[in-house]
Amino acid sequence: MQTQSTKKSFSSKLGETFTIQKNTQETAGRYVEIDIEVAPNAQRRPLHYHPTQTEYFQILEGTLKIQVGNEVKTLQAGEEITLMPGTSHCYWNESAETVKVKTQLSPALNFETFLETITALEKTVPTDAQGVPRNKLVAAQFINRFNNIMIPSDLPKFLMQFVMPVLGFFGSILGYKLPKAATLILLLGMLSTASFAQSRFSTHEFSINGFRNPSIGLEYRFKQISVHGGLYNTNMKPNETTQFMKFGTTLWFLPVGKKQNPSSFYLQLSYMRGLNRSYENKNAFSPDFGFRWMVWKGLNLRVGLVAVYGEGNKPSYLWTPGISYSFFSKK
């Protein structure tokens, strides 16, 4: 009697087919073995690295291009290469023939779930030519979930260390657990269209922010994601100023106008620590939605609606007008 094959296979929009030959259970977690077929002229993925996994490639058929750090190598059938953890790399097929590759990643970790999720996202939400979700909130959620598997090489380390834990912190406050791939897509897919013009944002921005009462803070943006921190004073009640230390992250989307640095909408999530009155030494969580108008060069005005949820206090909803001066860089 013939036994039906139970090998899992995942197909990518970029022209790759991944077939699990030895899964995590079969190797007791020591490694996962995958056969990859790379279609002719398949698009390359971004440079990335695996923080704790060693990756082994063996070319079975065809010719594979692989970038390791700043060096591009050409591997023919029968050749192999081993990449140690933390090595930046990507591969692609420039030829007119399908390339077949055997790869092993050790230890296995949750690499199979990673493959299932990334191939599902590519088919469900808008992505760029390299398969990266155009909406950076979707991308951030994905990176946060699989930060033990793959990290983009161009992602600054301090953003990886700060932004992702902040997103996880907000999720824990809300009692939110990152779901499986299909549910993740349903929850975040609607956000994907908000970032279709993401390429219009500069790569780097440093801002000095001021708000009423008064407040002051600093902010750094990398593409569509920024981090901020500072002293935030607000009137939770008429004629009563409450002080907070505020830290968080912001998603910038839907750029407006034709300026080199466009106006745009933003969605912000912040952790606040009360300094006085009924919030003294208490934690608060603050989502904020608003619009930033680029007035002249780096001068910009913003107005948003913020909600403050704090320990032992009723939710408050406030307008947050502000003024900032920003310095931009495309590099």
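Just need the relative contact order of the range 9-112 here, percent rounded to a whole number, with Cα pairs under 8 Å and 6+ apart. Walk me through the numbers on the way to the answer.
Working: 261 pairs, mean separation 37.4, N = 104.
About 36 percent, as a whole number.
Could you work out how much longer the chain between LEU218 and TYR309 gets when fully extended? Use 0.36 nm per residue separation minus the Cα distance between them, nm to one decimal.
Additional length available on full extension: 30.5 nm.
Quick one: dipole size for the range 199-329, taken about the Cα centre, charges +1 on Lys/Arg Cβ and -1 on Asp/Glu Cβ, in debye to the nearest 20.
Taking the Cα centre of the range 199-329 as origin, the dipole is about 320 debye.
With θ taken as phi - 60° and the coefficients 6.51, -1.76 and 1.60, list the Karplus ³J(HN,Hα) couplings across the range 291-304 in order, rounded to whole Hz; mark glycine and proline as x.
9, 10, 9, 7, 7, 7, 6, x, 6, 9, 10, 9, 9, x
Starting from the 7 Å offset along Cα-to-Cβ, what nm value, one decimal, do you get for the label separation of GLU26 and GLU80?
1.7 nm
Can you give the FRET efficiency to the nearest 0.05 for GLN43 and TRP293, using r as the Cβ-Cβ distance and R₀ = 30 Å?
0.20
Tell me the label-point distance for the pair TYR317, LYS258, using the 7 Å Cα-to-Cβ offset, in nm and rounded to one decimal.
In this crude spin-label approximation the distance works out to 3.8 nm.
Over every pair of different alpha-carbon atoms in the range 203-316, take the mean of 1/r and invert it; report that Kirkwood radius in Å. Let's see the in-between values first.
On the way: mean 1/r = 0.0677 Å⁻¹.
Its Kirkwood hydrodynamic radius stands at 14.8 Å.
Under a 5 Å amide H to amide H cut-off, with H placed in plane at 1.01 Å, what residues pair with LYS282 once short-range neighbours are removed?
For LYS282, whose amide H was placed from the backbone, the distant partners under 5 Å are GLY274.
Determine ³J(HN,Hα), in whole Hz, for all residues of the range 21-33 in sequence, where each value follows from phi through the Karplus function 6.51 cos²θ - 1.76 cosθ + 1.60 and θ = phi - 60°; x replaces Gly and Pro.
Result, rounded to whole Hz: 8, 9, 8, 4, 5, 5, 9, 6, x, 5, 6, 10, 10.
Hey, what D do you get for the range 9-112 in µm²/s if you plug the Kirkwood alpha-carbon radius into Stokes-Einstein at 10 °C and 1.306 mPa s?
115 µm²/s
Return the sequence-ordered ³J(HN,Hα) values of the range 74-85 in whole Hz as given by the Karplus equation 6.51 cos²θ - 1.76 cosθ + 1.60 applied to θ = phi - 60°, using x for Gly and Pro.
Going residue by residue, I get 10, 10, 9, 3, x, 8, 9, 8, 10, 10, 7, x Hz, with x marking Gly and Pro.
Among ASN233, ILE216, ILE323, whose Cα sits farthest toward the positive end of the charge dipole of the range 199-329 (+1 at Cβ of Lys/Arg, -1 at Cβ of Asp/Glu, about the Cα centre)?
Projecting each Cα onto the dipole axis, the largest value belongs to ILE323.
Over 27 Å between C-alpha atoms is what I'm after, so list which of LYS102/LYS157; LYS223/LYS246; LYS100/LYS223; LYS13/LYS223; LYS8/LYS223; LYS157/LYS246 land there.
Pairs exceeding 27 Å: LYS102/LYS157; LYS100/LYS223; LYS8/LYS223.
Read the figures in this text as sums done on the coordinates, not as results from a lab. Computed from a predicted structure; not experimentally measured. So basically every Cβ, Gly included, is an ideal-geometry build from the backbone, and we count neighbours across all protein chains shown.
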